[in-house]
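Please read the structure below before turning to the comments.
The values are calculated or read from the model by the stated rules, or taken from the named source; none is laboratory data. The structure presented is a predicted model; accordingly, all values stated were derived computationally and were not measured. All Cβ positions, glycine included, derive from the backbone under ideal geometry; neighbour counts span all protein chains shown. These accessible areas exclude ligands, DNA and RNA; they are computed on the full protein's heavy atoms, side chains included. Shrake-Rupley method; radii C 1.70, N 1.55, O 1.52, S 1.80 Å.
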Amino acid sequence: LAFVVPEAVTAGQLLAAARGTGGSLLKSVHIFDIYRGPGLPDGFKSMALGLIFQEYSRTLNVEEVDAAVGEITASVNAQLGASVRG
């Protein structure tokens, strides 16, 4: 999940925002790419998150994971002014 964020946003801020709203299904989150360059507006960068969702007692369904990703996306947008890179 790649977000376009203002250059001032740190990796720690993005990770904290994702962890804070990922809920109990989000077991791990990490940054696996930071991109600056063509295709992004001046003063912005792209940071890509790797998200691992897991429930030990059962298999998750697509709706549960989509809902959690939607909550993370909305939270990161509200807190950091980020948008999903498309």
Find the percent of Cα-Cα distances in the chain that exceed 22 Å, and round it to a whole number. 25 percent
Carbon/sulfur accessible area of the chain, % of total, 1.4 Å probe, equals 55 percent
Cα pair count fraction exceeding 12 Å, expressed as % - region 37-81: 73 percent
As a check on your grasp of the helix formula, calculate [θ] at 222 nm for the chain: sum -39500 (n - 2.57) over DSSP H runs of n ≥ 4, divide by the residue count, round to the nearest 500. -11500 deg cm²/dmol
Say the dipole of region 1-59 comes from +1 at the beta carbon of Lys and Arg and -1 at that of Asp and Glu; which of THR10, LEU49, ILE34 then lies farthest toward its positive end? LEU49
If you take every residue apart from ALA48 with its C-beta less than 11 Å away from the C-beta of ALA48, what net charge results, scoring Lys and Arg +1 and Asp and Glu -1? +1
